[in-house]
Amino acid sequence: MQQPDEKKEDSGHPPFPTVRDVKAGSPIRWFAKGWNDLVSCPIPSLFYGFCFAAMGLLITFVFEHAYEYTSGLTSGFLLLGPFLSMGLYEISRRREKGESCSLMPTMLVWRRNAGNIGIFAVVLGVLFLVWARASLVIFALFYTNEMPNLTGFLQQLISLENIEFLMVYFAVGMIFATLTFAVSVVSIPLMLDRDQDAISAMLASVGALARNPAAMIMWALAIVSATLIGFMTFHLGLAVLMPVVGHATWHAYRDLIEPLNEQ
């Protein structure tokens with residue numbers, strides 16, 4: 001009689017990912033490994049970094065001329081991050097296997113599992129559209145001051161002016177950010193690495209968050225901090241910090257998901 005494990009192998013589909021426990025301080029190690037990847041493969045990594053920087057410049061430009069769309073673009077920046085980072089994941093994967101870290105092979109890596117990555121893109125796209133609409137409604141209902149330029153808006157944030165708006169905006173934004181983070185912790189690396197389907201990949205990401213809340217909170221704070229530092233350094237920091245985050249995400253995936261040969 002055929003055993004269950006044999007049936008899984010015969011089906012041609014990878015088994016459901018097994019989530020592992022990691023220590024709360026693991027993000028520090030992931031960042032260290034991410035930095036090593038950047039130093040080892042600087043040209044392709046910085047190419048993606050400058051793409052992030054260009055996106056940051058676009059957000060700042062839009063803020064100065066049409067602030068009502070800034071929240072949507074900022075959300076798009078965070079939502080598009082995992083997709084733009086696919087090349088960075090591939091760089092880390094190739095370096096892990098001792099292969100060359102050329103730029104060109106990383107730019108079409110999405111074709112490896114295009115259908116499932118497309119499904120995942122639709123899920124994030126829906127979250128993005130709902131958040132963009134919710135953001136505009138919050139501005140319309142709660143923002144009582146005349147909208148200043150970028151410097152003035154940051155001063156309002158620091159001085160906690162218009163506190164009702166800030167509380168509602170960040171509360172609703174946190175809900176969408178948590179949903180996005182929950183389904184994308186390891187989703188794309190998992191789909192690229194083992195041809196996993198989108199639903200299993202997203203469920204594995206949610207499982208990684210549920211099983212390792214302390215480490216995942218630290219990881220989320222590290223990503224947000226790196227992004228804020230990047231914006232506060234006139235976007236130059238994004239060119240370096242975002243590749244490090246992308247590479248570190250690959251190493252987070254390696255720690256959080258048990259390899260196939262161990263399942």
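We did not get these values from a lab; they are worked out from the coordinates using the rules stated. Just so it is clear, the structure is predicted and the values come from calculations on it, not from any experiment. Quick reminder, even Gly has a Cβ in these numbers, built from the backbone with ideal geometry, and neighbours come from all protein chains shown.
Here r is the Cβ-Cβ distance between LYS97 and LEU141 and R0 is 35 Å; the resulting FRET efficiency, rounded to 0.05, is 0.10. Once the C-beta distance of VAL168 and PHE61 is scaled by a Förster radius of 25 Å, the resulting FRET efficiency is 0.40 to the nearest 0.05.
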